[in-house]
Structure formats: C-alpha cells, structure tokens
Number of protein chains: 2
Amino acid sequence: MSQDANASLIPYPELLGFTTKVFKSLKVPDLEAELVAESLIDADLKGIFSHGVVRLPVYAERLKAGVINPIPEIKRRRDGLGSCVIDGDNGLGHLVGIRAMEIAIDKAATNSVPTFVAVERSNHFGAAGYFVEQATRAEMIGFSFTVGAINHMAPWGGREALLGNNPFAMGLPGAKGEPPVILDMACSVAARGKIIVAARNGEAIPDDWALDERGHPTTDPVEALKGLVQPVGGPKGYALTLVVGLLSTMMTSALFGSQLRHLYDDMENEQNSGHLMGVLPVDLFTSNESFGTRMREVSDEMHGAERADGVDSIYLPGERESLARARALKDGVPMGEGVVGDLIECGRSLGIKFPA
Amino acid sequence: MSQDANASLIPYPELLGFTTKVFKSLKVPDLEAELVAESLIDADLKGIFSHGVVRLPVYAERLKAGVINPIPEIKRRRDGLGSCVIDGDNGLGHLVGIRAMEIAIDKAATNSVPTFVAVERSNHFGAAGYFVEQATRAEMIGFSFTVGAINHMAPWGGREALLGNNPFAMGLPGAKGEPPVILDMACSVAARGKIIVAARNGEAIPDDWALDERGHPTTDPVEALKGLVQPVGGPKGYALTLVVGLLSTMMTSALFGSQLRHLYDDMENEQNSGHLMGVLPVDLFTSNESFGTRMREVSDEMHGAERADGVDSIYLPGERESLARARALKDGVPMGEGVVGDLIECGRSLGIKFPA
C-alpha cells in the first residue's frame with residue numbers, strides 16, 4: 001500500500017478537521033462524524049492507505065445518494081450473556097463496527113465471558129485491525145471478520161466473481177509499553193491496485209496474482225484486470241476468504257455471494273454488510289501480568305532473532321503500523337497527488353476547503 | 001499430501017484395530033486408545049496423510065520414552081461460565097484436544113455463551129479440523145488453534161527457526177445433509193515434505209517456498225532443506241503463524257519460540273504443547289433452520305459457479321476431505337510403501353502384526 005513519490009504531508013489535525021466537516025455536512029452528527037473521521041484516518045496514519053481517506057469520496061457519494069443512513073439507530077437483537085446480534089440501521093460501517101466492538105467489550109467485562117457480536121445492515125468498515133485494537137486496549141484478545149464490499153474472487157476452480165477479498169484481524173495485547181500484536185489481512189495474494197499500476201507501466205505480473213477471463217493464471221496485467229484476483233496460497237486463500245465471509249454473514253441477514261452490492265457501482269441499494277466481532281478477556285485465563293511477561297519474552301526473542309543479510313530490523317505484526325502512526329502524527333499524513341485531488345474535489349462539491 | 005503410486009488399500013477396521021493395539025500395548029486405556037486411533041486415522045481417511053498414521057511411530061516412541069503420559073488426569077483450572085484452562089497432564093494430544101473441545105461444547109450448551117478453552121501440557125494433536133468438526137456436529141461454529149511441534153520458520157526478515165508452521169481451523173455447520181465447511185491450514189506455502197521430494201528428484205522449487213541458510217529465497221531444494229520454510233503470502237503468513245502460536249500458548253504455561261521442544265529430536269522432555277479451542281453456538285445468533293437455509297444458498301451458488309476450462313467440479317472447503325473419507329471407508333485407506341514399512345516395524349517392536 002505505498003503512496004506515490006510526490007506525496008505531500010498533511011498535518012493530522014487539519015485532515016481530521018476536513019474529514020469531520022465532510023461527514024457533518026452530510027448530516028452525520030458531530031460526535032459520530034469525528035469518531036468515523038478518526039477511525040478512517042487511523043488507517044492513513046498507519047500507512048494502510050487503501051483503507052483511509054482514499055475511501056472518503058465514495059462514502060460521501062453514498063451518503064448523498066441516501067444509501068447510507070447518517071443518523072442510524074443501532075439496535076440489539078437476541079441479547080445474550082456473551083452474544084448479540086446488532087442491526088446497524090445502515091449506518092457508516094466504521095461507526096457500527098466501533099459500537100459493536102464496544103458492546104462486545106462491555107458484555108465480556110460485565111459478565112466475565114468470551115463475547116461475540118454478529119452485525120447486519122452495516123457498511124464498508126475500513127481496516128479490520130482497528131476494532132481489534134479496541135479490544136486489546138481493554139486487555140482482551142480481539143477478532144474481527146467482515147465481508148468485502150466488492151466481489152472479485154472466484155471459488156477455487158471457478159471463474160465467476162462470487163467472493164470478496166474478505167478481510168479479518170486477530171490480535172493480542174502487547175508486552176507492557178509495546179503496541180498490540182495484530183494480524184490484519186485480506187485473502188488475496190496482491191491488492192488489485194498493484195495490478196492497475198503494473199498495467200499502467202506495461203510490466204508483467206507474477207503468475208499467482210490473477211486469473212484471466214477464462215479462469216486461467218495470467219502474467220498480463222491487462223488480461224488480469226478483465227479477470228479476477230487470486231487467493232493467497234491458492235486453495236488455502238479460497239477456503240479462508242469463504243469461511244471469513246460466512247462467519248461475517250450467515251448468522252444474520254447480511255448479504256453474501258451474488259447478493260453482494262458493489263461499493264462503487266451500486267448507488268441505489270444499501271449494502272447490508274455483515275461483520276463478526278469477538279473478544280476474550282485475558283484475565284479469564286491468566287493474570288494480565290503473566291500474560292504481559294510472556295508477551296515480553298516473545299517480543300524480545302523475535303526482535304533479537306538472527307536477521308537475513310541486508311535486513312535492519314524484525315517487527316512484530318502491527319509494529320510497523322504503530323511506528324508509522326507515531327511518525328505521521330508528528331510529521332503529517334503522507335498523501336499522493338491523486339488522492340489529494342479527489343479530496344479537493346469531494347470537499348468542493350460540499351463547500352468545504354481542503355487544507356492547503 | 002499425496003501418497004506414492006504403489007499405495008496399498010488397508011481396510012479401515014484392520015487399520016483401526018492395529019493402531020488401537022499399538023496404543024494399548026503402550027499402557028493407554030482401551031477407550032482412550034480407540035478414541036485416539038480413530039481421530040488419527042480420520043486424517044488418513046480424508047487424505048490428510050501428513051497428519052495420520054504416518055505419525056504413529058513417533059507417538060509410540062514418545063510413549064515408550066516416557067515423555068507422553070498414557071494415563072493422563074486431565075484437569076480444569078480457572079473454570080468460568082464460558083472459559084477454562086485445561087491441564088492436559090501430558091496426555092496424547094488427540095485425547096486432550098477431544099476432551100478440551102467436549103468441555104467447550106458442554107459449557108457453551110449449558111450456559112448459552114460462546115466458550116473458549118485454553119490448553120496447556122498437551123502434545124501434537126494431529127489435524128486441527130478434527131476438533132472443529134466436533135463443534136459443527138453440535139450445531140456450533142468451531143475454532144481450533146495450535147502451536148506446531150517443530151520450529152522451521154523464521155520471523156519475517158530473520159533466518160532463525162523460532163516459529164512453527166502453526167495450524168488452525170475454523171468451521172461452520174453445513175447445509176442440511178452436507179458436510180461442515182471447514183478451513184484447516186498451516187501457515188507455510190508448501191509442506192517441507194514437498195521440498196524433500198524435489199531434492200530427491202533433482203528438481204528446482206518455486207522461489208517462494210523456502211529460504212537458504214542466509215535467509216534468502218532459494219529455488220535449490222538442497223539449500224532449502226538446510227534453511228527454512230517460507231510463510232504463505234510472505235509477511236501475511238508470518239503474522240498469521242505468529243498470532244496463531246500466541247493464541248495457543250500465551251494464556252497458559254505452554255511453550256513457544258526457542259522453548260519449543262522438537263517432536264522427533266527431543267525424547268527427554270514432555271512437549272507442553274498449547275491449544276486454544278472455541279465454539280459459538282449458532283442458536284445464540286439465529287435459528288439453526290435459518291442458518292441451514294443460508295448455508296444451502298451458498299453451497300448451491302458455489303457448486304454452480306461458472307468453472308475455469310478443464311475443471312470438473314467446485315468444492316466447498318472440507319468437502320473433498322469428506323468425499324475422500326466416504327471412499328476410503330468403503331475401499332480401504334490408501335497407504336504408501338514407506339509408511340506401511342514404518343508401521344510394520346513399529347508393530348514388530350511391540351509384538352503386534354500389521355494387517356497383511
């Protein structure tokens with residue numbers, strides 16, 4: 001997820017102010033507008049640009065089109081001791097996701113049980129790791145599964161786009177003073193954006209990135225763009241994306257497979273995205289102190305491992321993102337020309353000036 | 001995980017009888033011996049030969065050496081409504097895993113909460129999907145994580161074998177009359193066994209399978225065998241194997257990283273393997289009927305997807321294994337010459353005749 005060479009650095013408070021104003025101008029209440037802006041920009045701060053403000057224009061477009069509800073009434077159904085179903089009332093996915101994870105954490109803390117929350121009638125929620133971080137701040141292990149907002153993968157052996165690149169995250173609180181350890185991944189070998197870049201540059205792509213229209217592997221990025229993205233590790237990635245998608249949708253009314261509504265192309269219907277959020281309070285199993293001590297041993301051991309030639313540092317999953325975040329908060333958020341242009345345009349249509 | 005061309009077909013009851021006798025001769029009580037034999041051979045029936053009776057000789061060797069306890073007293077610690085820690089008392093991993101999942105299912109059904117069970121002082125438990133199937137038979141979603149029994153992966157950027165190829169499984173009950181949908185994977189691109197075969201045949205391997213001793217990708221299988229196995233999807237697989245390993249060990253005394261004890265090389269110490277088992281009863285979130293209906297829609301849609309040229313059938317994850325199982329129960333379990341030889345030898349040392 002790299003940015004182009006002509007990246008500008010936008011100060012965080014200004015980007016947050018701009019993004020919040022965009023949401024407020026589209027009838028999202030103050031508190032919620034800021035919450036969603038914060039979680040959206042959190043991805044940019046961490047260098048996960050694919051899930052940051054690059055998505056603001058499409059969220060704005062969907063709010064304008066009336067297919068996202070700016071003032072949802074998020075409701076609980078089937079409320080159990082360690083479970084519930086949440087109807088997101090078609091609110092912004094980040095907001096619904098944050099509330100769902102808050103409910104999971106609250107139930108788990110109150111009732112001292114692992115808690116899982118199934119969410120229906122939500123929208124694209126950004127980076128799955130954000131919600132897992134909420135859990136780790138509460139000394140809980142977190143899980144977050146969602147269904148991708150566009151289908152561009154086929155079942156293994158197929159050539160029909162029936163599956164999204166369904167992302168999931170799992171994470172644990174880190175050693176004291178260290179960031180949490182978070183896996184946050186989607187199930188394709190490479191993001192579709194990388195194939196677009198290869199096509200622009202006339203370069204071949206590795207043969208495990210994509211399928212052509214006939215369902216065969218191709219190294220031609222132009223053919224690949226007419227076809228499908230390949231799952232990571234072949235059949236492993238297919239199984240993974242299918243199971244993550246089922247976990248996110250089968251226990252509610254959330255849409256899956258051919259029913260899925262395209263984030264960019266369908267401006268007439270609500271998405272009805274599904275998520276599954278889960279938490280395990282560490283202190284149900286061991287003391288937070290013992291857990292922290294063991295995490296410290298692992299952290300020291302991995303960081304101190306013998307390195308391959310030419311490698312300067314070894315990181316734990318989530319650590320690079322945490323370092324990038326600290327840097328961007330200080331120096332500004334790196335943003336490519338293209339994205340800046342889109343945001344200027346998005347702001348202009350709403351009478352909001354993008355920070356110079 | 002293919003078998004060689006000279007595979008014989010061993011009738012299931014005879015293989016089960018032989019394996020049970022081996023365990024009984026090593027002081028495992030009757031009921032437990034049969035239970036472990038069944039779960040072990042279940043992998044062979046499904047075509048997952050890497051986790052089947054090929055492992056019997058090493059389990060027998062560990063029992064003989066006194067580093068596996070044939071008559072464990074499995075104990076619960078920190079017993080909560082939807083959680084507990086289980087001390088496996090150094091019993092056979094299959095037995096401890098089955099008991100742990102039974103406890104999770106029982107608690108979840110009794111208390112109507114998602115339940116997770118952390119296991120310490122266990123051993124190599126075979127195929128992770130087996131335990132998830134226990135959950136799906138009880139109309140629950142299942143999770144199963146474990147730490148691999150040999151370290152042959154490095155943290156990303158490293159060249160030191162500090163990580164196992166940690167397997168995990170996640171699965172859901174299937175549509176009525178269909179097998180459950182189960183993801184069961186380890187975190188390497190390719191099993192080490194495939195590299196051994198390439199080395200024997202003098203063939204190059206793809207450059208993302210393995211690292212040489214210096215921590216660089218290699219296509220030479222001989223160099224690869226001196227080095228390390230590569231994670232699936234590069235840094236994704238590293239993050240995945242680390243997080244699966246942490247989930248399996250950090251909440252108990254189970255060993256991780258450089259502390260890990262080698263399944264084959266260390267015949268002096270108990271392994272203290274860790275697992276994490278989890279279940280979500282479907283009916284906490286929706287009726288089993290609605291769930292089944294939705295799973296049916298997905299099954300029909302995936303099976304009916306347009307196929308790539310030359311592909312006969314599309315399968316759901318776990319379906320091939322289920323079909324293989326039915327075939328092997330009828331026709332016999334396919335077993336290669338090498339494995340048969342090892343089993344004959346293993347039986348001979350205990351005075352048990354392998355079925356002709």
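Observations, loosely collected:
- Among residues of region A:38-58 that are touching a residue at least 60 places away in the same chain (Cβ under 8 Å) and open to solvent by less than 40 Å² (accessible area, probe 1.4 Å), those with a beta-carbon under 9 Å from a residue that is of a type in the set (S, T, N, Q) and assigned to a helix (DSSP H, G or I) at least six positions away or on a different chain give the pairs A:LEU40/A:THR19; A:ILE41/A:THR19; A:ALA43/A:SER50; A:LYS46/A:SER322; A:VAL53/A:THR19; A:LEU56/A:THR19.
- From A:GLU178, A:GLU213, residue being in contact (Cβ under 8 Å) with a residue 12 or more places away in the chain and within 23 Å of B:ALA239 (Cβ to Cβ): A:GLU178
- Of the residues making up region A:297-310, those that are at pLDDT 95 or above and open to solvent by less than 80 Å² (accessible area, probe 1.4 Å) are A:VAL298, A:SER299, A:GLU301, A:MET302, A:HIS303, A:GLY304, A:ALA305.
- Members of region B:192-212 that are within 23 Å of A:GLU306 (Cα to Cα) and open to solvent by less than 80 Å² (accessible area, probe 1.4 Å): B:ASP208, B:TRP209, B:ALA210, B:LEU211, B:ASP212
- Residue in region B:339-347 that is touching a Ser or Thr at 6+ places or on another chain (Cβ under 8 Å) and assigned by TED's automatic domain parsing to the domain that holds B:GLU61 present: yes
- Residue check, B:ILE195 away from chain A (no Cβ under 13 Å), farther than 29 Å from A:VAL181 by Cα and touching a Leu at 6+ places or on another chain (Cβ under 7 Å): yes
Quick grid of which residues meet (1) of a type outside the set (A, V, I, L, M, F, W, C); (2) in a loop (DSSP other than H, G, I, E, B); (3) under 30 Å from B:ASN288 (Cα atoms):
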| position | (1), (2), (3) |
| --- | --- |
| A:VAL222 | no, no, no |
| A:LEU240 | no, no, yes |
| A:VAL244 | no, no, yes |
| A:SER248 | yes, no, yes |
| A:GLU270 | yes, yes, yes |
| A:MET277 | no, no, yes |
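- Qualifying position, being at pLDDT 95 or above, part of a strand (DSSP E or B) and open to solvent by 10 Å² or more (accessible area, probe 1.4 Å), among B:ARG121, B:ARG99: B:ARG121
- Looking only at region B:59-86, and only at residues there that are touching a strand residue (DSSP E or B) at 6+ places or on another chain (Cβ under 7 Å) and open to solvent by less than 20 Å² (accessible area, probe 1.4 Å), the one that is farthest from B:ALA186 (Cα to Cα): B:GLY82
- Residue match in region A:203-211 (condition: assigned by TED's automatic domain parsing to the domain that holds A:GLY278 and of a type in the set (A, V, I, L, M)): no
- Of all residues making up region A:282-312, the number that are within 7 Å of chain B (Cβ to nearest Cβ) and either touching a residue at least 60 places away in the same chain (Cβ under 8 Å) or touching a strand residue (DSSP E or B) at 6+ places or on another chain (Cβ under 9 Å) (or both): 13
- Top-ranked residue in region A:213-238 [being at pLDDT 90 or above and farther than 26 Å from B:SER188 by Cα; ranked as most open to solvent (accessible area, probe 1.4 Å)]: A:VAL222
- Applying the condition of being open to solvent by less than 10 Å² (accessible area, probe 1.4 Å) and away from every other protein chain (no Cβ under 12 Å) to region A:239-281 and asking which residue is modelled with the lowest pLDDT yields A:LEU263.
- Residues that are over 19 Å from A:GLY47 (Cα atoms), touching a residue at least 60 places away in the same chain (Cβ under 8 Å) and open to solvent by 70 Å² or more (accessible area, probe 1.4 Å) occur at least once in region A:328-348.
- Scanning region B:286-313 for residues that are polar (S, T, N, Q) and not assigned by TED's automatic domain parsing to the domain that holds B:PRO173 turns up just one, B:SER313.
- Filtering B:GLY257, B:GLY304, B:GLY278 for residues that are more than 18 Å from the chain's Cα centre (by Cα) and over 30 Å from A:PRO217 (Cα atoms) leaves a single hit, B:GLY257.
- Elements of type strands (runs of 3 or more DSSP E) contained in region B:148-188, each with 3 or more residues being touching a Ser or Thr at 6+ places or on another chain (Cβ under 9 Å), at the interface with chain A (Cβ under 9 Å from one of its Cβ atoms) and at pLDDT 95 or above: B:168-172, B:181-185
- Residue in region B:326-349 that is closer than 30 Å to A:VAL119 by Cβ and either at pLDDT 95 or above or of a type in the set (Gly, Ala, Ser) (or both) present: no
- Taken over region B:75-114, residues that are touching a Gly at 6+ places or on another chain (Cβ under 9 Å) and within 20 Å of A:PHE116 (Cβ to Cβ) amount to 12.
The values are calculated or read from the model by the stated rules, or taken from the named source; none is laboratory data. Please read these numbers as outputs of a predicted model, since none were measured by experiment. Quick reminder, even Gly has a Cβ in these numbers, built from the backbone with ideal geometry, and neighbours come from all protein chains shown. Keep in mind that these areas ignore ligands, DNA and RNA; they rest on the heavy atoms of the full protein, side chains included. Shrake-Rupley method; radii C 1.70, N 1.55, O 1.52, S 1.80 Å.
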